[in-house]
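Participant: Let me give you the structure first, and then I'll get to my questions.
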Amino acid sequence: MSYYETINTYLLMKKREKKRIKRWKSLVDQLQVQLHQGAEEAKDEFENQKNNLKSWLDSVGDKLDKATDMGSEKAQKLKPSVEELRVQAALAKAESKDEIEEQQKKIAEGIHQLRHEISQTYDDSEEKYENIHKKMDHKLDDFQTRFDLFRLQLHLGKMETEENWERKNKDIADKLSELKTKLKTKSKEIEGKWDEFSSEISEEWKQIRDNK
């Protein structure tokens, strides 16, 4: 690789790093707002995110239909999971607690399945498709975090006492604040340590989702 090719590769990598940090910061801000919504506001936001997920999946479906450069066979492998998740996101507004719980569960399962399919397809693909798969997986990771937070907000699954809910709410709020601080202070110190930093942040997303 020539000197100029090396420089261009480095600059492209830095640009991608900055974009991902910006995405993380934006998501933290949005999750902090979501966390402090009341039950009715959270239900409305649940429907809003269903619509966002459906719109994104519509665009993904269109791209897969046109993805001749990605290999029609590989693109077709993703379509059943994309369509199944799109169907779940397009369901009518959930009115009761049971309906919300069922929709949240199905959407979470659909996201998990699609991420699994993306991982398998990426493993079988050429290196030039890496960025396509990563972008899709990153977007699904954002949706997964949002919908898992809805599960906690709306008291889905096992019934929680008010005291336990207050504790969980505070724990998540603290984790989001810590993550926001880390993104601000460390974003200038990640040169040469991007993989380590990225893995660290991804693990913290998982802790927020699982409330550990």
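The values are calculated or read from the model by the stated rules, or taken from the named source; none is laboratory data. Predicted, not measured: the structure shown is a model, and the values here were computed from it. When we count neighbours, we look across all protein chains shown, and the Cβ atoms used for this are built from the backbone with ideal geometry, even at glycine.
Participant: Restricting attention to the stretch 25-47, which residues are of a type in the set (S, T, N, Q) and either modelled with pLDDT of 80 or more or under 20 Å from Leu140 (Cα atoms) (or both)? I'd like the intermediate steps shown before the answer.
Facilitator: At the first step, the residues of the stretch 25-47 found to be of a type in the set (S, T, N, Q) are 26, 30, 32, 34, 37.
Result: Ser26, Gln30, Gln32, Gln34.
Participant: Here's a follow-up. If you check Lys22, Lys54, Lys50, which single one turns out to be crowded, with 19+ Cβ neighbours inside 10 Å, at negative phi and either of a type in the set (D, E, K, R) or at pLDDT below 90 (or both)?
Facilitator: Numbers: Lys22 fails: crowded, with 19+ Cβ neighbours inside 10 Å; Lys54 fails: crowded, with 19+ Cβ neighbours inside 10 Å.
Just a single option satisfies the conditions, and that option is Lys50.
Participant: Moving to a separate point now. Hey, does the stretch 132-151 have a residue that's modelled with pLDDT of 70 or more, over 21 Å from Gln49 (Cβ atoms) and crowded, with 17+ Cβ neighbours inside 10 Å? Lay out the reasoning, then the answer.
Facilitator: Pass one, the stretch 132-151, residues modelled with pLDDT of 70 or more: 132-151.
Filter once more, keeping what is over 21 Å from Gln49 (Cβ atoms): 132-134.
When the remaining residues are screened for being crowded, with 17+ Cβ neighbours inside 10 Å, the result is 132-133.
Yes.
Participant: Looking at Ile208, Ile172, Ile190, which is the one that is at pLDDT below 75, in a helix (DSSP H, G or I) and surrounded by 15 or more Cβ atoms within 10 Å (Cβ to Cβ)?
Facilitator: Details: Ile172 fails: at pLDDT below 75; Ile190 fails: in a helix (DSSP H, G or I).
When all the criteria are applied, what remains is Ile208.
Participant: In addition: Please state which one of Ala89, Ala94, Ala75 is small (Gly, Ala, Ser), touching a Lys or Arg at 6+ places or on another chain (Cβ under 6 Å) and surrounded by 14 or more Cβ atoms within 10 Å (Cβ to Cβ). Talk me through it step by step, then tell me what you get.
Facilitator: On the way: Ala94 fails: touching a Lys or Arg at 6+ places or on another chain (Cβ under 6 Å); Ala75 fails: touching a Lys or Arg at 6+ places or on another chain (Cβ under 6 Å).
None of the others qualify; the one that does is Ala89.
Participant: Can you tell me which of (1) touching a helix residue (DSSP H, G or I) at 6+ places or on another chain (Cβ under 9 Å); (2) at pLDDT 80 or above is the one Ala75 doesn't meet?
Facilitator: (2)
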